[in-house]
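Have a look at the structure below before the remarks.
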Amino acid sequence: MEARLDIMARPNAAKAFKHIVAAGKALENSTLPLSTQELVKLRASQINGCGFCTDMHTKDAAHAGETSLRLNLVAAWREATVFTEAERAALELAEQGTRIADAAGGVTDEAWANAAKYYDEDQLADLVCVIAIINAFNRGNVMIQTPAGDYQPGMFG
């Protein structure tokens, strides 16, 4: 499959996407664990049906030391026993933040309070940013149908 559009060849769109990439890079010094960030990106990408991002974040997480068992169970995290309570809270927040149209109230107070048990306010803010940024990437990639399978760890910096 070829992408419908080489978005990075369009000057205005390339500039916009470079800002989204830069927003993601701003989180590199976050105290939110990298493994949690990658699990959240992977889960949102699965929900959004973004093959490119699912591929990318699976590879990035594996490159960072994540196990294949945990990666294979992200979609079934509620039933899996391999995630910490903190990771489960982050995955719930990611799901509710990704599926905001599915519930009239968006993210529930319960999901937020549960995440707040494990993450301080800086980490919560970073988690919100991770979820928002990956959703932006997912939507762009799904619209232009960026093909999965070509991503190599480190290709974005």
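The values are calculated or read from the model by the stated rules, or taken from the named source; none is laboratory data. Every value quoted in this text rests on a predicted model; they were computed, and no experiment measured them. Here the Cβ positions follow ideal geometry from the backbone for every residue, glycine too, while neighbour counts run over all protein chains shown. Note: accessible area is taken over every heavy atom of the protein model, side chains too, but ligands, DNA and RNA are not part of it. Shrake-Rupley method; radii C 1.70, N 1.55, O 1.52, S 1.80 Å.
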Task: Failed criterion for Glu38 (all others in (1) more than 10 Å from the chain's Cα centre (by Cα); (2) surrounded by 15 or more Cβ atoms within 10 Å (Cβ to Cβ); (3) free of Cβ contacts under 8 Å to residues at least 40 places away in the same chain hold) - done: (1)
- [ ] Would you check if Asn141 is within 16 Å of the chain's Cα centre (by Cα), surrounded by fewer than 18 Cβ atoms within 10 Å (Cβ to Cβ) and either of a type in the set (Lys, Arg) or in a helix (DSSP H, G or I) (or both)?
- [x] no
- [ ] Starting from region 106-122, keep only residues that are closer than 15 Å to Ala86 by Cβ and touching a residue at least 60 places away in the same chain (Cβ under 8 Å), then list their pairs with residues that are assigned to a loop (DSSP other than H, G, I, E, B) and not aromatic (Phe, Trp, Tyr) whose Cβ atoms are within a distance under 7 Å, requiring at least 6 positions of separation or different chains.
- [x] Tyr119/Leu32; Asp122/Thr31
- [ ] Would you mind stating whether Arg99 is of a type in the set (D, E, K, R), within 29 Å of Ile144 (Cβ to Cβ) and open to solvent by less than 30 Å² (accessible area, probe 1.4 Å)?
- [x] no
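What number of residues within region 70-92 satisfy the criterion of being surrounded by 12 or more Cβ atoms within 10 Å (Cβ to Cβ) and either out of contact with any helix residue (DSSP H, G or I) (no Cβ under 7 Å at 6 or more places or on another chain) or over 14 Å from Leu32 (Cα atoms) (or both)? I'd like the intermediate steps shown before the answer.
The first filter runs over region 70-92 and keeps only residues surrounded by 12 or more Cβ atoms within 10 Å (Cβ to Cβ), leaving 70-75, 77, 80, 82-84, 86-92.
From what is left, the residues that are either out of contact with any helix residue (DSSP H, G or I) (no Cβ under 7 Å at 6 or more places or on another chain) or over 14 Å from Leu32 (Cα atoms) (or both) are 70-75, 77, 80, 82-84, 88, 92.
Residues that pass the stated criteria total 13.
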TODO: Taking only region 75-122 into account, find how many residues are under 20 Å from Ala136 (Cβ atoms), in a helix (DSSP H, G or I) and either over 18 Å from the mean Cα position of the chain (by Cα) or of a type in the set (Val, Ile, Thr) (or both).
DONE: 3
- [ ] May I ask you to say which residue of Lys18, Lys59 is open to solvent by 40 Å² or more (accessible area, probe 1.4 Å), over 25 Å from Asp120 (Cα atoms), in contact (Cβ under 8 Å) with a residue 40 or more places away in the chain and assigned to a helix (DSSP H, G or I)?
- [x] Lys59
